[in-house]
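The values are calculated or read from the model by the stated rules, or taken from the named source; none is laboratory data. Fair warning: this is a prediction, and the values are worked out from it, not measured in the lab. As a convention, Cβ positions derive from the backbone with ideal geometry for all residues, glycine included, and neighbour counts pool all protein chains shown. Heads up: the accessible areas ignore ligands, DNA and RNA and are worked out on the full protein's heavy atoms, side chains in. Shrake-Rupley method; radii C 1.70, N 1.55, O 1.52, S 1.80 Å.
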Amino acid sequence: SATDNTTYGYNTGRFISTASGTTAVGANAGASISTGINNTALGLNTLSLVTSGAGNTAVGAQSLNQLLTGAGNVAVGGALNSATTSSNNIAIGVQSLRDLTTGSGLNVAIGHQAMLQATTATANVIIGPQAALSLLTEQSA
């Protein structure tokens, strides 16, 4: 059964069944979480599609709004909003790691549109506005 969950807002935590440790605040935040653990979603549509991800933190409208099953991601400021199954990424800044969808993760992107077009990049540390803007796939910068 579901335990230790806190939700506030329209559709937040709507499908929680056995999830635990979920905090969701804002319209549609964490709306699809059913079995995930220790996820935090703060803002409009944050973590709105994740079903079984664990240890994800999304702060700011649309952050991690496409994530389905990834784990250990941190997105702040509308970041990482195309990720579907990638894990262990940190994205801070509007549209940072915007196009990342899958992959091993382990990316750190800090700055407005940092690594904007990366789709499956792995193990990168990128800092600065529009830094590595056209880095696309399986490259390490």
Exercise for the section: Could you check how many residues of the range 79-105 are open to solvent by 10 Å² or more (accessible area, probe 1.4 Å) and on the phi > 0 side of the Ramachandran plot? Expected result: 4
Exercise for the section: Search the range 26-50 for residues being touching a Phe, Trp or Tyr at 6+ places or on another chain (Cβ under 8 Å) and surrounded by fewer than 18 Cβ atoms within 10 Å (Cβ to Cβ), and hand back the single one that is modelled with the lowest pLDDT. Expected result: Ser34
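Ala109 - would you say it is closer than 16 Å to Gly60 by Cβ, open to solvent by less than 70 Å² (accessible area, probe 1.4 Å), modelled with pLDDT of 90 or more and not charged (D, E, K, R)? Reasoning before the result, please.
Details: closer than 16 Å to Gly60 by Cβ: yes; open to solvent by less than 70 Å² (accessible area, probe 1.4 Å): yes; modelled with pLDDT of 90 or more: yes; not charged (D, E, K, R): yes.
Against the criterion (closer than 16 Å to Gly60 by Cβ, open to solvent by less than 70 Å² (accessible area, probe 1.4 Å), modelled with pLDDT of 90 or more and not charged (D, E, K, R)), Ala109 qualifies.
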